[in-house]
Amino acid sequence: MKRVARAFALALTILGAAVQLFPAAAQDLQNSQIDIAYVEPGKAEYRPIYDRLRARQVLEELRMFLAPLRLPNKVLVKIEQCDASDRLYQSGGPVTICYEYVDRLRELAAKIPADSKTQRGVSREDAIVGAFVQVVLQRMSSAVFDNLDIPIWGREQDAADKLAGFLMLQFGKETARRLLNGAAYFFEASDRTWTGSDFSDTRGTEAQRFYNYLCVAYGGDRRTFSDFVESQSMGRGDQRLDLLPEARAVRCPKEYSDLTWAFDSTIMPNVDRNLLGKVAARKWLRPDDGR
Amino acid sequence: MLSAKGLIWSATLASIMLSPALRLDRLAAQPVSALTNDQIEIQYSEANASYFRPIYERYKKREVLEQLKQFLSPLVLPAGVTLRITAKECGTVNSWWSGRSAGLFLCYEWPDFAERVAPLDITSAGITREGAVLGAFLQVTFHELGHAMFDIYDIPVLGREEDAADQMAGFILSQFGSGVARRTLPGAAYLWRQLGEAGGPWPRDAFSDEHGHPLQRAYNYLCMAYGAAPDLFQQYIDNGLLPKERVPNCAHEFQQIRAAFVKTMLPHIDPVKLKLVQSREDWLLPEGSEPIPK
């Protein structure tokens, strides 16, 4: 059965490549089940974020990206001031992206000097774009599970992380690298010491999520992301904590294969293949994104 | 009374009612000996190390694998697939699913380890030595069995498979009946809590493993227990073993597991045998009890 799913996924990839010759017009990519809203922030400090996201039409683009998804119920996706650092998706929705969260990811990205990159190759712009796309797709994944009544084995928040990482890989190698590297950076930079009852959180630790995103990337495309893995030839003193340890890396291809199977057997039956090809053909990132 | 059990029973009864050839009075007449499954094979491999021999002897005397086989007999395995379960000395403190060919390995090292970690007396939180040892054994058994089920039935796992296997274990433990659930679920959590509290603070790469942190696993088991039967496990909330911030989410989390089980596992379970398994009350009798009569 898994072989059938892989063949199906491959066919979709080829289909996507074929329609790149005929890029989709924006009006082709619509999803009437997704409502969007930019809620004006009360705090003046979030106003530039509000203006920027609105001008960039990020939610309109998200809706276009999700055009192939057939959802039985409507979902509202909104960006608003939460008066909290974050807001997880609750059954029934809405999907909420907090200005506070966006502010935080910009703050962490600012640790990377302008016109510079981290040792793993993350630029400030990639850090902003990757982390933003990650949180949007992760929250949206939770909404999709809920909307489609998908059976979830494993913790729901981790499943949403894995689906978000899986989707990021479908943007094409160059964009996937920017997004996944940026998303991983966010968790790398926001790493904190967990003790005692911290571990009762429904989400994984930042370190676990950091490794999970690197693992999805490497598992999905070993050649493109081989530099995400700590080399066995490295000595103890050369250990790099910004890379995936070899012991985990060897398991990532199987993890990704299982994820592909799970996606194909649960979500794919609710995806319009024709529209998926059109989504795959479109360039979603712009050169000035994250600036 | 466990709410999850109610749902499984409803599903079972629904399928029974839908079958005109099958009547409940006939079902009630089914003997326990009906709990057989030719596609499940069990084996006790003799322990070499003298310190594992008592465990080996006890497993055999208590017919641990025979009970497990009966408990698993409702599984409808695909044609040509045999579920092999071997108790053995592994040379490591572990147990694992080794694929469809080799099957499930349950190591004597694991209960030996559990006995060393288990409290000598009942703890202030109400966890007994027997519950901790039994909980640890059943937790690892059904965790590895979870991996087996995901593999054998090609079950899609969207989250992390190691957590999913813990969920399978926790869900199954909640299905034995309130007595077993009460003894074993906190016992399973106890082992992970002890392991988690032994170290720390942990460097970043300590979190690169595909398994959750031991404290995460401890909280997950307690959350599953409370989500399955809030009244039965209220004391673990009252005494602070599960932080209050997590508590409101547990019913929803358990519902997620139950829904996944019903959708992906229940179609592979024989409803008549399942009812027989659920009707038995002599599973896992405490140490010293007589073996189950055949």
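The values are calculated or read from the model by the stated rules, or taken from the named source; none is laboratory data. These figures come from a predicted structure and were not determined experimentally. Virtual Cβ from ideal backbone geometry, glycine too; neighbours counted across all protein chains shown. Surface areas here come from the heavy atoms of the whole protein model, side chains and all, with no ligands, DNA or RNA. Shrake-Rupley method; radii C 1.70, N 1.55, O 1.52, S 1.80 Å.
In table form, for the structure just shown:
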read-out	value
Breaking point among (1) more than 20 Å from residue B:209 (Cα to Cα); (2) buried (at least 23 other Cβ atoms within 10 Å of the Cβ), for residue A:176	(2)
Residue list for segment A:119-155, restricted to those being in a loop (DSSP other than H, G, I, E, B) and surrounded by 19 or more Cβ atoms within 10 Å (Cβ to Cβ)	A:122, A:150, A:151, A:152, A:153, A:154, A:155
Any chance residue A:87 is among the charged types (D, E, K, R), free of Cβ contacts under 8 Å to residues at least 40 places away in the same chain and in contact with a strand residue (DSSP E or B) (Cβ under 8 Å, 6 or more places away or on another chain)	yes
Residue count for segment A:239-283, restricted to those that are open to solvent by 30 Å² or more (accessible area, probe 1.4 Å) and assigned to a loop (DSSP other than H, G, I, E, B)	8
Residue list for segment B:219-256, filter: buried (at least 20 other Cβ atoms within 10 Å of the Cβ), hydrophobic (A, V, I, L, M, F, W, C) and more than 9 Å from every other protein chain (Cβ to nearest Cβ)	B:224, B:225, B:228, B:229, B:233, B:241, B:250, B:254
Among (1) modelled with pLDDT under 75; (2) farther than 19 Å from residue B:74 by Cα, the one test that residue B:257 misses	(1)
Test: residue in segment B:244-254 that is part of a helix (DSSP H, G or I), without any contact (Cβ under 8 Å) to a residue 60 or more places away in the chain and of a type in the set (Asp, Glu)	yes
Residue within segment B:201-218 that is in a helix (DSSP H, G or I), away from every other protein chain (no Cβ under 14 Å) and buried (at least 24 other Cβ atoms within 10 Å of the Cβ) present	no
Matching entry among A:83, A:115 (being at pLDDT below 95 and among the charged types (D, E, K, R))	A:115
Hey, residue B:52 in contact with a Lys or Arg (Cβ under 7 Å, 6 or more places away or on another chain) and surrounded by 15 or more Cβ atoms within 10 Å (Cβ to Cβ) or not	no
Failed criterion for residue A:162 (all others in (1) within 14 Å of chain B (Cβ to nearest Cβ); (2) part of a loop (DSSP other than H, G, I, E, B); (3) among the basic types (Lys, Arg) hold)	(2)
Check on residue B:150, assigned to a loop (DSSP other than H, G, I, E, B) and surrounded by fewer than 24 Cβ atoms within 10 Å (Cβ to Cβ)	no
Only listed residue being surrounded by fewer than 23 Cβ atoms within 10 Å (Cβ to Cβ), touching a Leu at 6+ places or on another chain (Cβ under 8 Å) and more than 10 Å from every other protein chain (Cβ to nearest Cβ), chosen from B:177, B:196	B:177
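Matching residues to (1) touching a helix residue (DSSP H, G or I) at 6+ places or on another chain (Cβ under 6 Å); (2) under 27 Å from residue A:243 (Cβ atoms); (3) not β-branched (Val, Ile, Thr):
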{"site": "A:87", "(1), (2), (3)": "no, no, yes"}
{"site": "A:95", "(1), (2), (3)": "yes, no, no"}
{"site": "A:109", "(1), (2), (3)": "yes, yes, yes"}
{"site": "A:123", "(1), (2), (3)": "no, yes, yes"}
{"site": "A:130", "(1), (2), (3)": "yes, yes, yes"}
{"site": "A:142", "(1), (2), (3)": "yes, no, yes"}
{"site": "A:150", "(1), (2), (3)": "yes, no, no"}
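Residue-by-condition table, conditions (1) open to solvent by 20 Å² or more (accessible area, probe 1.4 Å); (2) of a type in the set (Lys, Arg):
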site	(1), (2)
B:68	no, no
B:73	no, no
B:76	yes, no
B:82	yes, no
B:85	no, no
B:88	yes, yes
B:96	yes, no
B:113	yes, no
